[in-house]
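This is the structure I have questions about; it appears just below.
The values are calculated or read from the model by the stated rules, or taken from the named source; none is laboratory data. Source: prediction; values computed, not measured. Here the Cβ is made from the backbone with ideal geometry for all residues, glycine too, and neighbour counts use every protein chain on show. Each accessible area value is taken on the protein alone, full model and side chains, heavy atoms only, with ligands, DNA and RNA left out. Shrake-Rupley method; radii C 1.70, N 1.55, O 1.52, S 1.80 Å.
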Amino acid sequence: MSDARDVFVNRYRERTPRSRRHYEEARKHLPGGVPGNAGYRPPYPLYVDRAAGPFLWDIDGNRYIDSLIGGGPHILGHSPPAVMDAVAKQLSSGTSTIAPPATALALARRIQEHMPHMEMMRFVHTGSEAVHMAMRAARAFTGRSKIGKFEGNFHGGYDNLLISGTSFGGPEETPLSLPEGAGIPQGILDDTIVLPFNHTDATVALIERYASELAAVVVEAVGGTWLGGIVAGQSFLEALREVTARHGILLILDEVITGFRVAPGGSAEVTGIVPDLTALAKTIGGGFPLGAFGGRRDVMSQVVTPKRGPDDDRETIFQSGTFQSNLVSLTAGLALLSELERPGTYEKLDDLGGQVREGIEKIGANLGMPIQAVGQGSIFGVYFADEPPLSIRDVIASDRESAGMFYLGLLAHGVFITPYHLGFTNAAQDQAQIDEILDICQSVLTTIKEG
């Protein structure tokens, strides 16, 4: 297999000499040579020149089918004309204000049409902030301090979110609360109850044990960055909803990736699970920075709505930010949702995603390679394992060496995706791109098999 890795590394180096030179200079000014960790990959990062539709081009002029699509927000492909036209018009009328714009109400109403459980919401800058603020609101509303989160679920880059992702320990039924990197205070770890994803009985038992201390439990219905497309079981989610409701624990559904991606109503629509609070981002910004959190009216009005005067004795949270009245992002979000509402959009997205998952598994079967392609709708993730993984422990136990070579091989042959990350189809793709992806998968997997 090392021979296959050498083949892919050499091909990558031959195609990207300018990226390699750029990396040598960039690493002097940017840690790792990249603006954020997601952009780094060995042997060196790929530096991008431009993107349009389903493609992006690197600074060496190579074209790639973009299966990362910005980490998920570009569900219509890069720079869809309807969104860009709306943004161009908005740019002549300003970019951001602290004063609330009318577009905030318009976008909130449009989201509520598809997600009626979002009875009230606030816009924020990112998905990380959306989950963080939902947690703060839950603590304020319940008067409790602890948050339950699942081993392997990724909720963003804040201290209280970077816990027990790819780092794990203890028995599977009672996971330890561990930092996902340096700089996470022990006090935050102590206030986080880590739960075993897709393990119903153990999850219910832990929630029962800590019920009087838990303000909320947060969950991804489709695992994102660390779980790469692993879907939460329906009975697992139903049990989670029942036990949290019974103990007055708020259920936060992290729909940063799945919101308007797996269905117009997100995972809540797919599963029928109605959360107390929801976190949104990515798609709702139309390719521009935007997040939102919200849900039950009694929660949001009690602790998020500002005090109305000196006689208002509610204890409320602080939530505000310079760019949450971002006129460009709000306008782009409205334009994108209008495009998503066109008949046939989700049918196309789901069909393309299904073709990728089924095609990769078929190639693996024909080559005698144990490959599991997981995901939902337009989301896909690929694992080298005998059985579909259900948790982060299954992911780590799978053949990560082969998976790493697979993702490197895709990049070296013209499919852009980062290592171990979930992939996406998008509405700008057509059958030609899906066929090309699968042809490249055939070539890459054959090289790995023969290596």
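Taking only protein heavy atoms into account and a 1.4 Å probe, give the accessible area per residue of the chain in Å².
Computed with neighbouring chains in place, this is 40 Å² per residue.
From the P(r) of segment 300-352, can you give the percent of Cα pairs sitting at distances over 19 Å?
59
So, how do all the Cα-to-Cα distances of segment 67-151 break down into 10 Å bins, in percent, from 0 on up?
Binned Cα distances yield the sequence 12, 30, 39, 14, 4.
Could I ask something else about it? Taking 41 Å as R0, compute the FRET efficiency from the Cβ-Cβ separation of D201 and E113 and round it to 0.05.
E between D201 and E113, to the nearest 0.05, is 0.65.
Just the number: Rg to Rh for the chain, Cα atoms, Kirkwood Rh, two decimals.
0.96
Packing-wise, with mean Cβ within 10 Å as the measure, how do 297-309, 277-289 rank, highest first?
In decreasing order of mean packing, 297-309, 277-289 become 277-289, 297-309.
Using the Cα centre of the chain as the reference point, and only Cβ charges (+1 on K/R, -1 on D/E), how large is the resulting charge dipole? Debye, rounded to the nearest 20.
The dipole magnitude comes to about 1200 debye.
Against the longest alpha carbon principal axis of the chain, how many degrees, from 0 to 90 and to the nearest 10, is the axis of helix 2-15 turned?
90
Okay, next question. In the chain, carbon and sulfur make up what percent of the accessible area (probe 1.4 Å)?
52
In Å, the Kirkwood hydrodynamic radius of segment 289-420 over pairs of distinct alpha carbons?
19.3
Rounded to the nearest 10 degrees, what's the angle between the helix 127-142 long axis and the longest principal axis of the chain, both from Cα atoms, 0 to 90?
Between the helix axis and the principal axis of the chain, the angle is about 30 degrees.
Jot down the radius of gyration and Dmax of segment 62-205, Cα atoms only, both in angstrom.
Final numbers for Rg and Dmax: 19.6, 57 Å.
So if the hydrodynamic radius of segment 1-149 is defined as the Kirkwood radius over C-alpha pairs, what does Stokes-Einstein give as its diffusion coefficient at 20 °C and 1.002 mPa s, in µm² per second?
It diffuses with D of about 109 µm²/s by this estimate.
Which links in K149/K449; K89/K348; K146/K307; K28/K449; K28/K89; K146/K282 stretch past 32 Å when you go from one Cα to the other?
Exceeds cut-off: K149/K449; K28/K449; K28/K89.
Using a 10 Å cut-off on Cβ atoms, rank the peptides 400-411, 367-378 from the highest mean neighbour count down.
400-411, 367-378
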